[in-house]
Amino acid sequence: MTSPEWTEVLRKRLAAIGVEVRVQTFTGDSSYPTEFTLIAGSVRTFGEPTLDAALVSLIAELLKVAGQEPILRGCEFCGGAHYTGQRCPLSPS
Ligand SMILES: [Zn+2]
């Protein structure tokens, strides 16, 4: 098991790279007494019983996003369309 002190260190490091850690504690008959949820931009995990498990879930979700096909989107500058990650030659920025 991860020690509480080490969990704190990991939470600070995750916060530093923009990953929000939400910890919920439950009493009663919930499946897990504590659930860790990680949120990185639009990617989030479900509640996991340990921070380690939540990290594995986050990596899996990020790999899914990284492996996605580029999406063709309409362009406001040239009236055409570009794939995500492409820059329009008419874009002023
Ligand atoms: Zn364009």
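Any residue that is at pLDDT 90 or above, exposed (fewer than 12 other Cβ atoms within 10 Å of the Cβ) and part of a strand (DSSP E or B) - is there at least one of those in region 70-80?
Scanning region 70-80 turns up at least one residue that is at pLDDT 90 or above, exposed (fewer than 12 other Cβ atoms within 10 Å of the Cβ) and part of a strand (DSSP E or B).
Is it the case that F36 is in a loop (DSSP other than H, G, I, E, B) and at pLDDT 90 or above?
For F36, the condition - in a loop (DSSP other than H, G, I, E, B) and at pLDDT 90 or above - is not met.
Which condition breaks for V56 when tested against (1) modelled with pLDDT under 95; (2) of a type outside the set (K, R); (3) closer than 26 Å to L10 by Cα; (4) surrounded by 10 or more Cβ atoms within 10 Å (Cβ to Cβ)?
For V56, the failing item is (1).
Could we say that T27 is in a strand (DSSP E or B) and away from the ligand (no atom under 16 Å from the Cβ) here?
no
Being touching a Ser or Thr at 6+ places or on another chain (Cβ under 7 Å) and farther than 13 Å from T37 by Cα is the filter here; which residues of region 1-25 pass it?
If the condition is that a residue be touching a Ser or Thr at 6+ places or on another chain (Cβ under 7 Å) and farther than 13 Å from T37 by Cα, then T2 is the only one that fits.
Out of all the residues in region 27-42, which are under 14 Å from the mean Cα position of the chain (by Cα) and exposed (fewer than 15 other Cβ atoms within 10 Å of the Cβ)?
The answer is G41, S42.
Which residues, taken from region 45-79, are within 16 Å of the ligand (Cβ to nearest atom) and among the charged types (D, E, K, R)?
Answer for region 45-79, where residues must be within 16 Å of the ligand (Cβ to nearest atom) and among the charged types (D, E, K, R): R73, E76.
So for region 75-85 (the condition being of a type in the set (S, T, N, Q) and either closer than 30 Å to R11 by Cβ or free of Cβ contacts under 8 Å to residues at least 12 places away in the same chain (or both)), does at least one residue qualify?
No, every residue in region 75-85 fails to be of a type in the set (S, T, N, Q) and either closer than 30 Å to R11 by Cβ or free of Cβ contacts under 8 Å to residues at least 12 places away in the same chain (or both).
The values are calculated or read from the model by the stated rules, or taken from the named source; none is laboratory data. Computed from a predicted model, the values in this text were never measured in an experiment. Using ideal geometry, Cβ is built from the backbone for each residue, glycine included, and neighbour counts are taken over all protein chains shown.
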